[in-house]
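Notes follow once the structure below has been shown.
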Amino acid sequence: MKLMEGKKGIIFGVSNARGIAYAIAKQIHEAGAEIAFTYANEAMESRVRPLAEEMNSKLIIECDVTKEDQVKKVFAEYEKVYGKLDFVIHAVAFANKEDLMGDFIDTSKEGWDLALSVSAYSLVSLARNAKPLMNEGGAMLALTYLGSEKVVANYNVMGVAKATLEASARYLAEDLGKIGVRVNCLSAGAVKTLAAKGISGFDRMLKAAILKSPLKRNVSLEDVGKTGLYLVSDLASGVTGEIVHVDCGCHAVYASIDEMEATYAYQKEHQ
C-alpha cells in the first residue's frame, strides 16, 4: 500500500512544472493521493490544467485567494467531487516587482497590503473554509523561506509576509489542533524555480548557499517535494506548528570556512 493511498486534498499555487508546489504535488500523487488543483486566473489556466490532468485531477478550478467568495466556491466544489479533505497545501505568494529590489524602507503601503494579503492572510482564509471538510489526522502545509527569519538581499516585503505566514501557521495549529489537524510550514532553501528568477541577484544566492551549506550543494526540487510529502502524510502525525527547513543546512550556519575563505580571497584580489 502506498503512503498516501486513499488520501485526498487540494493544492493552491501550482503554476509550472519548475516550481516547488509542483514538486510537492508530484511526490504526493506518486504516493497514491488524489489532488484537486486551483489556478489564479484565466491566463494561468493553460499552464496549470495540463499539469493537473497529468495527475488525473478531477477538479481544476479558478481561485483568487484574496476573494473570500471564490475560496468558498472552491471548497464547495471540492466537497461535491471529493468529499472530505486530508490535506491542503498553500503555495501562494506575490509582491510587486518594485518591492523586491532597492531598500525595504521604500515599500509602499499598497505594496505592503498586497504582499501580506496574498502571501499570508490567504492561509487564514483557506484554513477557515477548509476546516469543516478536514478529516481528523489531516494536515495543512504552507511554503515559506529563510527571508522570514533573517535579512536576505532583495527579498524585502516578502520576508515580512513570510514571517506573518509562519506566525499565522502557529496560531492555526492551535485552532485546528482541536479537531486533530496539523499545520506546518516548509522553508525551502534557494532552489532554481521560475519564481526565483524574479529575485534580483538570485544566481549569486545559489553560489553563496553552496559555500554556506554543510552538505556543500544546493537543495533540489526533489528534496523539497519529499519533505512536503512527509509533512502531509501520517509519518508526521506528531508534527505541528513547525517550520521545517529544507536547505541543506544553510539556516543553521552563520559563516562556513569556505565562505570566509572566499570572502578573504575576494578582498585580497580587490585591495
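Each residue in the stretch 11-46 was checked for being closer than 16 Å to Val65 by Cβ, in a strand (DSSP E or B) and hydrophobic (A, V, I, L, M, F, W, C), and 4 pass. Considering the conditions (1) more than 16 Å from Val160 (Cβ to Cβ); (2) charged (D, E, K, R); (3) modelled with pLDDT of 95 or more, Glu110 is excluded by exactly one of them, (1). Between Phe94, Phe12, Phe37, Phe87, the distinction of being of a type outside the set (A, V, I, L, M) and touching a Gly at 6+ places or on another chain (Cβ under 6 Å) belongs to Phe87 only. At least 2 residues being surrounded by 13 or more Cβ atoms within 10 Å (Cβ to Cβ), modelled with pLDDT under 90 and in contact with a helix residue (DSSP H, G or I) (Cβ under 7 Å, 6 or more places away or on another chain) is the threshold, and among the helices (runs of 4 or more DSSP H) wholly inside the stretch 146-265 those reaching it are 202-212. Inspect all residues belonging to the stretch 47-55 and state whether any of them is under 17 Å from Phe87 (Cβ atoms) and either of a type in the set (Lys, Arg) or not in a helix (DSSP H, G or I) (or both). Yes, the stretch 47-55 contains at least one residue that is under 17 Å from Phe87 (Cβ atoms) and either of a type in the set (Lys, Arg) or not in a helix (DSSP H, G or I) (or both). The combined condition, being in contact (Cβ under 8 Å) with a residue 12 or more places away in the chain, more than 20 Å from Gly6 (Cβ to Cβ) and hydrophobic (A, V, I, L, M, F, W, C), is fulfilled by Ile61.
Screening Val88, Val81, Val14, Val71 for residues that are touching a Cys at 6+ places or on another chain (Cβ under 9 Å) and in contact (Cβ under 8 Å) with a residue 24 or more places away in the chain leaves exactly one candidate, Val71. Scanning the stretch 20-55 for residues that are surrounded by fewer than 23 Cβ atoms within 10 Å (Cβ to Cβ), in contact with a helix residue (DSSP H, G or I) (Cβ under 7 Å, 6 or more places away or on another chain) and within 22 Å of Val191 (Cα to Cα) yields Lys26, Leu51.
The residue that is surrounded by the fewest Cβ atoms within 10 Å (Cβ to Cβ), counting only those in the stretch 66-103 that are within 22 Å of Tyr155 (Cα to Cα) and touching a strand residue (DSSP E or B) at 6+ places or on another chain (Cβ under 6 Å), is Ala91. Does Tyr145 satisfy being within 22 Å of Ile28 (Cβ to Cβ) and aromatic (Phe, Trp, Tyr)? Spelling it out, Tyr145 is indeed within 22 Å of Ile28 (Cβ to Cβ) and aromatic (Phe, Trp, Tyr).
The values are calculated or read from the model by the stated rules, or taken from the named source; none is laboratory data. On a predicted model such as this, the values are computed, not experimentally measured, just so you know. With ideal geometry, Cβ positions are generated from the backbone for all residues, glycine too; neighbour counts draw on all protein chains shown.
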